[in-house]
Amino acid sequence: MKLRSTAITRANSACLPMEDRGCFKYNGVNEGEEERKGGHGIPKVSMVPLIFLIFYEVSGGPFGIEDSVKAAGPLLAIVGFLLFALIWSVPEALITAEMGTMFPENGGYVVWVSSALGPFWGFQQGWAKWISGVIDNALYPVLFLDYVKSSIPALGGGLPRTFAVLILTVALTYMNYRGLTIVGWVAVFLGVFSLLPFFVMGLIAIPRIEPSRWLEMDLSNVNWSLYLNTLFWNLNYWDSISTLAGEVENPKRTLPKALSYALVLVVGGYLYPLITCTAALPVVRESWTDGYFSDVAKILGGFWLHSWIQAAAALSNMGNFVTEMSSDSYQLLGMAERGMLPEFFAKRSRHGTPLVGILFSAFGVVLLSWMSFQEIIAAENYLYCFGMILEFIAFIKLRMTHPNTSRPYRIPLGTVGAVLMIIPPAILIIVVMALASFKVMAVSILAVLIGFALQPSLVYVEKKRWLRFSVSEDLPELPDSSPVADGDETVPLVI
């Protein structure tokens, strides 16, 4: 990878004339053999694996949605997943499609925010999203062991459980090291295996469906915090795939299509078992906790279906882990390629993978695996909300300051329409953050403050030349983040 000094880059960017500043071109984002293999000679990710990578970034199947029924009953659970998909998932996926094709590189949302708000806020975006992703990933080895401890009781706690978490983390980390294309096809296999038993269970449930059960609701007995956090956790992270855009084959065409297909897969994968299972059996809300679908399967289909769903749940957690680690580690690589992190984060292994980023992410997972399930969900949601606020601001600002920029995919809305589109998810963000416990709020705010101190510290380290920072020559200069002054012409960005 060719590199250029960050100091030189900043000097050149500062003195670019108006007609050149903001005009940038991504080399290698073309069709043909060069596109199918990256500059490091590793095959890029094609459509089908990309769909399932997005599926696992966001969902991984209907495991963990049971708490929505426990919190609010079947009607609000079903309506909630429909409504949240419309007001949250669709806008986030659309923004990811537009911005991800505008900036098809591994920095993803970090580059979006840097382009609109400058490097300080770009770094804060990267820090908050990386911490959120690592917290999220700490959940999956724990969930995996929760599903298998019924067969192996020794994994329920103590040293055996601790060693099992470490062994799982090392094994799945090694899979990430071997290559993103391997992770992608593993995600395809795991996704099909995880969704099939729910399809079968739904067919078995159809003769027993009583539609009146869908209408059960008690607004005086709703755990709103659990309800909103469960919906939010199961329908977010659409933007995570943007940190892999540099590894995707022809991302300008592939990414928007993959996001749309994955949206149908995710939402359908939630609603189908919810609709069939809540109407096939009497709803006892207290029973609807994590893993309850396997109990439903045993009642409807017998032990064989129960075992299949348990195996699918365990393997699905592995799929969630490897895809989340991929996006987290490639994000660090993308930040290093932009000079935000030391150069060693941009080094690739012989398999083309970001070795240092993978190791850092794995260390974070082990460090945070002590947290409880509910604490993990609430903490990651809070930090994720902080990052999404920056993304929304960046999206609107780039629409206003660079309206004529070439966008391979553009949301068919003007600036006013774009603002109206993000108002509902912005309100949702405020509600989710307001419902956080004091402990979660304190820990999350502390993490944000660490990011505020870390960015200027890294700038100081670079200034003192204690570590080397470089910007990849394969990447274009980012557009000027300053607003367009009156009388200035908005220059289209050529991609």
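Below are the figures for this structure:
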read-out: Scan of the range 24-81 for residues that are farther than 30 Å from Val284 by Cβ, β-branched (Val, Ile, Thr), at pLDDT 95 or above and open to solvent by less than 40 Å² (accessible area, probe 1.4 Å), ordered by number; value: Ile51, Ile54
read-out: Number of positions in the range 157-179 that are under 23 Å from the mean Cα position of the chain (by Cα) and of a type in the set (Phe, Trp, Tyr); value: 2
read-out: Single residue of the range 459-470 satisfying the filter (in contact with a helix residue (DSSP H, G or I) (Cβ under 8 Å, 6 or more places away or on another chain) and open to solvent by less than 80 Å² (accessible area, probe 1.4 Å)) that is modelled with the lowest pLDDT; value: Ser470
read-out: Qualifying residue in the range 145-167 (condition: open to solvent by less than 10 Å² (accessible area, probe 1.4 Å) and either modelled with pLDDT under 90 or of a type outside the set (Phe, Trp, Tyr) (or both)); value: yes
read-out: Qualifying positions in the range 204-243 - open to solvent by less than 10 Å² (accessible area, probe 1.4 Å), under 32 Å from the mean Cα position of the chain (by Cα) and of a type in the set (A, V, I, L, M); value: Leu231, Leu235, Ile241
read-out: Gly451 closer than 21 Å to Ala138 by Cβ, within 22 Å of the chain's Cα centre (by Cα) and modelled with pLDDT of 95 or more; value: yes
read-out: Lone unmet requirement of (1) in contact with a Ser or Thr (Cβ under 6 Å, 6 or more places away or on another chain); (2) under 23 Å from Ala77 (Cβ atoms) for Asp239; value: (2)
read-out: Among (1) modelled with pLDDT of 80 or more; (2) assigned to a loop (DSSP other than H, G, I, E, B); (3) open to solvent by less than 70 Å² (accessible area, probe 1.4 Å) - the single one Val484 does not satisfy; value: (1)
read-out: Sole exception among (1) closer than 28 Å to Pro408 by Cα; (2) open to solvent by 30 Å² or more (accessible area, probe 1.4 Å); (3) at pLDDT below 90 for Val419, by number; value: (3)
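Yes or no, residue by residue, for (1) open to solvent by 10 Å² or more (accessible area, probe 1.4 Å); (2) under 27 Å from Glu477 (Cα atoms); (3) within 18 Å of the chain's Cα centre (by Cα):
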residue: Lys347; (1), (2), (3): yes, yes, no
residue: Val356; (1), (2), (3): yes, yes, no
residue: Phe360; (1), (2), (3): yes, no, yes
residue: Glu391; (1), (2), (3): no, yes, yes
residue: Leu398; (1), (2), (3): no, yes, no
residue: Pro408; (1), (2), (3): yes, yes, no
residue: Pro424; (1), (2), (3): yes, no, no
residue: Lys439; (1), (2), (3): yes, no, no
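For (1) open to solvent by less than 10 Å² (accessible area, probe 1.4 Å); (2) within 18 Å of Gly387 (Cβ to Cβ); (3) out of contact with any Cys (no Cβ under 8 Å at 6 or more places or on another chain), each residue gets a yes or a no:
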{"residue": "Asp295", "(1), (2), (3)": "no, no, yes"}
{"residue": "Gly301", "(1), (2), (3)": "no, no, yes"}
{"residue": "Gln310", "(1), (2), (3)": "no, no, yes"}
{"residue": "Leu315", "(1), (2), (3)": "no, no, yes"}
{"residue": "Gly319", "(1), (2), (3)": "yes, no, yes"}
{"residue": "Glu324", "(1), (2), (3)": "yes, yes, yes"}
{"residue": "Leu332", "(1), (2), (3)": "no, yes, yes"}
{"residue": "Ala336", "(1), (2), (3)": "yes, no, yes"}
{"residue": "Gly339", "(1), (2), (3)": "yes, no, yes"}
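The values are calculated or read from the model by the stated rules, or taken from the named source; none is laboratory data. None of these values were measured; they are calculated from a predicted model. Counting neighbours? That spans all protein chains shown, and the Cβs are built from the backbone with ideal geometry, glycine included. Areas reflect the complete protein model, heavy atoms only, side chains present, ligands, DNA and RNA absent. Shrake-Rupley method; radii C 1.70, N 1.55, O 1.52, S 1.80 Å.
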